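Shown next, in structure tokens, is the structure this report addresses.
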Amino acid sequence: MLAGCTPWPPEFAARYRAAGYWTGETMDAFLRDRARRFAERTAVVGGTQRWTYADLDARADRAAAGLARLGVAPGDRVVVQLPNVPEVFEVVFGLFRLGALPVYALPAHRRSEVAHLCAATDAAALVVAGVHAGFDYRELAAQVRAETGGPARVVVAGGTGDDGDSGDTVDSGAPAERDGFTSLAQVRRLGEGQAPPATAADPADVAFLQLSGGTTGLPKLIPRTHDDYLYSVRASAEICGLTPDTVYLSALPIVHNFPMSSPGFLGVFHAGGTVVLAPDPSPATCLGLIEAHRVTDAAVVPPVALLWLDAVAGGAHADRDLSSLRVLQVGGAKFGAEAARRVPAVLGCALQQVFGMAEGLVNYTRPEDPDETVFTTQGRPISADDEIRVVGPDGAEVPEGEAGELLTRGPYTIRGYYNAPEHNALAFTPDGFYRTGDLVRRTPTGHLVVEGRAKDQINRGGEKVAPEEVENHLLAHPGVHDAAVVAVPDPYLGERACAYVVPRGTPPGRGELLAFLRGRGLAAYKIPDRVEFVAAFPATGVGKTSRRDLREALRAAHARPAPAPG
Ligand code: OOB
């Protein structure tokens with residue numbers, strides 16, 4: 001296994017194989033097999049492009065051969081930061097074919113996150129978009145290289161800067177003119193007519209790395225194996241009833257775990273269906289795509305579901321024919337029962353709640369569940385071998401029906417983060433259960449209801465923010481003596497981030513402080529929504545102040561109504 005990763009104990013691995021969960025299929029074999037079975041069916045629709053399974057397979061061949069000629073070797077890690085463009089699939093399956101490991105970055109990530117990913121994985125290459133949504137990812141790549149001294153190669157795929165199918169021509173400052181920059185079109189030309197390298201990955205080994213939502217100063221990396229991930233994909237596709245007739249709309253960034261495997265694009269490819277890529281999650285874009293492509297399944301986070309519901313209920317898109325839509329999946333953050341009830345009433349489709357995590361465990365409400373279960377729970381685990389413990393602060397299991405922290409282990413839940421022994425000792429129990437940090441209650445049917453959170457994290461409409469990471473950036477400002485970032489309730493996003501700052505001397509301006517954070521290359525969703533200056537932090541008891549207690553005290557103070565004047 002990739003050095004720095006924690007394998008499942010042999011007796012567990014043997015059990016998961018014997019149960020038929022781990023089948024020995026690799027990501028590359030998966031594509032080859034589905035390309036053979038569904039060759040002429042449409043795999044991907046994105047922008048003006050439409051690729052069949054055979055097209056995708058041929059593109060993966062060329063990309064693999066081209067990337068190999070560029071110097072990417074089996075076992076190399078390659079950071080992939082692409083928006084919802086079809087080239088994502090070409091690059092990612094090209095990497096699998098060549099035996100290299102994609103490391104997924106979200107399009108919203110900036111210098112700080114991408115540099116961390118490149119350095120933490122010692123990446124051999126970085127794949128970025130050209131200019132997308134008004135942002136120049138080539139500049140970002142150049143800054144990352146200036147800061148970290150790596151990676152040696154940058155591939156520009158899609159958008160301006162790639163002279164490939166997206167129709168754009170290489171402009172000034174184009175990849176070819178920069179040292180170490182290559183366009184995906186050039187990679188394809190390098191791979192043209194070449195046999196892809198003959199590499200056979202070990203299905204029990206790590207296939208790719210994903211970023212965790214994080215609770216610490218620097219986000220941790222999640223290693224997923226071919227065996228464990230493809231089990232979750234096959235089982236998810238079955239639970240969700242995907243078929244070759246499925247047309248799946250991905251309104252979320254495609255490299256997030258939810259649209260990737262729950263059941264996501266991989267579930268759709270498993271079943272031979274079609275993935276439609278939405279460039280943004282707005283009702284105008286997505287409702288139009290649903291109508292145009294007769295979309296049957298879509299996956300969104302709660303704030304996006306609310307936007308769609310309000311748009312349709314408000315009559316703004318009354319002329320849209322949404323009759324093809326079979327199911328709307330909502331997950332990533334708690335979707336309240338009242339909003340949940342509106343989905344069938346307003347959109348005329350079924351709702352499926354999805355409570356998952358990039359570390360593994362995914363829960364779904366099932367199509368056969370009673371309506372009340374679908375509206376009021378976050379589903380039950382994929383696998384009969386997903387072990388669930390709901391424990392109190394003492395670590396002992398609480399009686400059924402009471403809330404406690406969710407611990408889990410199973411055939412697709414990791415046993416450790418990448419290169420993080422100290423953190424792993426805290427995040428996993430000695431017998432290998434992952435401490436999810438989620439407070440849940442279990443119903444008699446085994447469904448889970450998410451009641452809150454025990455972990456230091458802000459869930460901003462599905463986007464996860466680690467307070468400590470943002471605080472560390474705030475503390476780098478000379479005018480900041482101390483800082484604590486806390487979640488404050490928000491009717492639309494569920495939570496937003498508020499930074500409490502104890503200034504050093506004259507407080508810096510709010511705008512200046514936020515500009516400072518942006519200047520440090522932090523993703524926009526991590527920039528606090530509010531800044532409050534306070535003279536001092538509340539005392540949180542005797543002895544050493546725990547950051548957790550402090551954030552809790554500030555949150556409680558925030559929730560209390562302001563004292564009456566006088
Ligand atoms: C998904 O994955 P991550 O890794 O971005 O975040 C995982 C965390 C969970 O531990 C939980 O705190 C929260 O996100 N969460 C939910 C939720 N779904 C995720 N909290 C309440 N209700 C839900 N339905 O977010 C993710 C991965 C795969 C599928 C779906 C979501």
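Structure above, values below:
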{"quantity": "Simple spin-label estimate for residue 547 and residue 243 in nanometres, 7 Å along Cα-Cβ", "calculated": "5.1 nm"}
{"quantity": "Neighbourhood charge, 14 Å Cβ-Cβ cut-off, centred on residue 226 and excluding it, Lys, Arg +1 and Asp, Glu -1", "calculated": "-2"}
{"quantity": "The range 392-491 - percent relative contact order, Cα under 8 Å, separation 6 or more", "calculated": "20 percent"}
{"quantity": "Extension gain, residue 285 back to residue 502 (0.36 nm per residue minus Cα-Cα distance, nm)", "calculated": "73.8 nm"}
{"quantity": "Relative contact order [Cα under 8 Å, 6+ residues apart], the range 182-289, whole percent", "calculated": "19 percent"}
{"quantity": "Theoretical gain in end-to-end length, residue 40 to residue 384 [0.36 nm per residue, Cα-Cα removed]", "calculated": "120.3 nm"}
{"quantity": "Cα-based Lys proximity count in the chain, under 19 Å, for pairs eight or more positions apart or on separate chains", "calculated": "8"}
{"quantity": "Cα-based convex hull, the range 195-261, per residue volume (Å³, whole number)", "calculated": "161 Å³"}
{"quantity": "Percent of alpha-carbon pairs separated by more than 43 Å within the chain", "calculated": "17 percent"}
{"quantity": "Residue 54 paired with residue 431, simple spin-label distance in nm, labels 7 Å along Cα-to-beta-carbon", "calculated": "5.4 nm"}
{"quantity": "Net lengthening on full extension, residue 423/residue 534 (0.36 nm per residue, minus Cα-Cα)", "calculated": "36.8 nm"}
{"quantity": "Where labels lie 7 Å past Cα in the beta-carbon direction, separation of residue 294 and residue 192 in nm", "calculated": "3.7 nm"}
{"quantity": "Packing-based exposure ordering (other Cβ within 10 Å, fewest first) of 274, 445, 26", "calculated": "445, 26, 274"}
{"quantity": "The range 391-436 versus the range 256-297: alpha-carbon centroid distance in Å", "calculated": "32 Å"}
{"quantity": "Longest exposed-site-free window of the chain, the sites being GluC sites (Glu not before Pro) in a DSSP loop that have at most 11 other C-beta atoms within 10 Å", "calculated": "193-367"}
{"quantity": "Test item: Cα-centred dipole of the chain, Lys/Arg +1 and Asp/Glu -1 on Cβ, debye", "calculated": "560 debye"}
{"quantity": "Exposure proxy ranking, count of Cβ atoms within 10 Å, fewest first, for 230, 522", "calculated": "522, 230"}
{"quantity": "Options 446, 398, 382, ranked by Cα towards positive dipole end of the range 349-451, top entry (Cβ charges)", "calculated": "382"}
{"quantity": "Three-way shape call for the range 13-157 based on the alpha-carbon gyration tensor, with the a/c threshold at 1.5", "calculated": "oblate"}
{"quantity": "Sequence-separation-based contact order of the chain, relative, with Cα cut under 8 Å and 6+ spacing, percent", "calculated": "12 percent"}
{"quantity": "Residue-by-residue Karplus 3J(HN,Hα) for the range 513-528, coefficients 6.51, -1.76, 1.60, Hz, glycine and proline x", "calculated": "5, 5, 5, 4, 5, 4, x, 7, x, 8, 4, 4, 5, 8, 6, x"}
{"quantity": "Rg [Å, one decimal], Dmax [Å, integer] - the range 308-438, C-alpha atoms", "calculated": "18.2, 57"}
{"quantity": "For the range 192-310: rounded, prolate or oblate by the Cα gyration tensor [a/c cutoff 1.5]", "calculated": "oblate"}
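Readers should treat all values here as calculations from the given coordinates under stated rules, not as data from a laboratory. Quantities reported herein were computed from a predicted structural model and do not represent experimental measurements. So basically every Cβ, Gly included, is an ideal-geometry build from the backbone, and we count neighbours across all protein chains shown.
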